[in-house]
Amino acid sequence: MKEINLTLQEGQEKVLPLIWTEGSEEINVNAALVGRGSRLTILGALFLANSDQVKLNINIYHVGEDTFSDTLIKSVLTDQAVGNFYGLVKIKKGAKNTNTYFREDALLLSKQAKAEAIPSLEIDENEVKAGHASTVGPVDSEQLFYLTSKGIGQIESKRLIVQGYFHSVLGLLPAKEQETLNTFLSKKFNI
């Protein structure tokens, strides 16, 4: 089990990149935004293959006033991989003017791959802005058909779809993590 614990004090800002490309693990992220004006961004890009099983639990606690958190988790699953993605954002009483959004998306490249994405909010303060969303689904068959009808092979078509899928998180990642993910995708799709 991998544990990541963060406490952000007044005015602190943190970007937490989560890149996962191989193996099984349970990953727990616990973050407390206790100081006024603290800001947290969590960016995740996970690629699960073979029989990988990953359980990702993210818990964010807004305690201080004027805090901000934004979470974007994108996962791609193929073969018999299983991903369970859980997120909880708790806004404590007194955490006025909190602004938070939590999004988890999973793209299934095979019929045997399984994913569960469950974000949730617990709000004990009135003066806040909070939202969450999740999606789990297969590659759009129309996208795949369109690309293959243009003479692009199946593997290259899937690579383009996966690269486009990760695009929204890729551009936000720090340079080192961008390079790690791009290198992995190039090797995975033999390009």
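Counting only residues that are small (G, A, S) and within 16 Å of the chain's Cα centre (by Cα), which one in segment 159-191 is farthest from L147 (Cα to Cα)? First the steps, then the outcome.
Just the residues of segment 159-191 that are small (G, A, S), to begin with: 164, 168, 171, 175, 186.
When the remaining residues are screened for being within 16 Å of the chain's Cα centre (by Cα), the result is 164, 168, 171.
Values: G164: 13, S168: 20, G171: 23 Å.
Taking the candidates together, the pick is G171.
Going by the conditions given, is A117 in contact (Cβ under 8 Å) with a residue 60 or more places away in the chain and either closer than 20 Å to I19 by Cα or among the hydroxyl-bearing types (S, T, Y) (or both)? In short, no.
Among the residues here, L72 qualifies as under 26 Å from I161 (Cβ atoms) and either surrounded by fewer than 24 Cβ atoms within 10 Å (Cβ to Cβ) or among the charged types (D, E, K, R) (or both). Beta carbons closer than 8 Å, at least 6 apart along the sequence or on distinct chains, pair a first residue in segment 165-191 that is more than 21 Å from K14 (Cα to Cα) with a second that is aliphatic (A, V, I, L, M) and part of a loop (DSSP other than H, G, I, E, B) for K188/A49. Specify the residue that is most open to solvent (accessible area, probe 1.4 Å); the eligible residues are those in segment 5-19 that are over 18 Å from the mean Cα position of the chain (by Cα) and within 20 Å of P174 (Cβ to Cβ). Selected residue: E13.
The residue that is most open to solvent (accessible area, probe 1.4 Å), counting only those in segment 101-143 that are more than 27 Å from N50 (Cβ to Cβ) and either β-branched (V, I, T) or assigned to a loop (DSSP other than H, G, I, E, B) (or both), is N126. Of all residue pairs spaced 6 or more apart or on separate chains, those with beta-carbon atoms under 6 Å, a first member in segment 74-89 that is in a loop (DSSP other than H, G, I, E, B) and a second member that is buried (at least 24 other Cβ atoms within 10 Å of the Cβ) and not acidic (D, E) are A81/L48.
Looking at the structure I just gave you, is D66 in contact (Cβ under 8 Å) with a residue 12 or more places away in the chain and within 23 Å of T180 (Cβ to Cβ)?
Values: in contact (Cβ under 8 Å) with a residue 12 or more places away in the chain: yes; within 23 Å of T180 (Cβ to Cβ): no.
Spelling it out, it is not the case that D66 is in contact (Cβ under 8 Å) with a residue 12 or more places away in the chain and within 23 Å of T180 (Cβ to Cβ).
Number of residues in segment 114-131 that are under 27 Å from T78 (Cβ atoms) and β-branched (V, I, T): the value is 1. Inspection of segment 169-179 finds a residue satisfying the criterion of being among the acidic types (D, E) and crowded, with 16+ Cβ neighbours inside 10 Å.
When segment 20-38 is limited to residues that are assigned to a strand (DSSP E or B) and touching a Ser or Thr at 6+ places or on another chain (Cβ under 7 Å), the one that is most open to solvent (accessible area, probe 1.4 Å) turns out to be A32.
Restricting N84, N50, N57, N97 to residues that are within 24 Å of P174 (Cα to Cα) and open to solvent by 20 Å² or more (accessible area, probe 1.4 Å) narrows the list to N57.
Residues in segment 60-69 that are open to solvent by less than 10 Å² (accessible area, probe 1.4 Å) and assigned to a strand (DSSP E or B): I60, H62, S69.
The values are calculated or read from the model by the stated rules, or taken from the named source; none is laboratory data. Just so it is clear, the model here is predicted, and its values are computed rather than measured. Cβ coordinates were reconstructed from backbone atoms using ideal geometry, including for glycine residues, and neighbour counts include every protein chain displayed. In case anyone asks, the SASA skips ligands and DNA or RNA and just uses the protein heavy atoms, side chains included. Shrake-Rupley method; radii C 1.70, N 1.55, O 1.52, S 1.80 Å.
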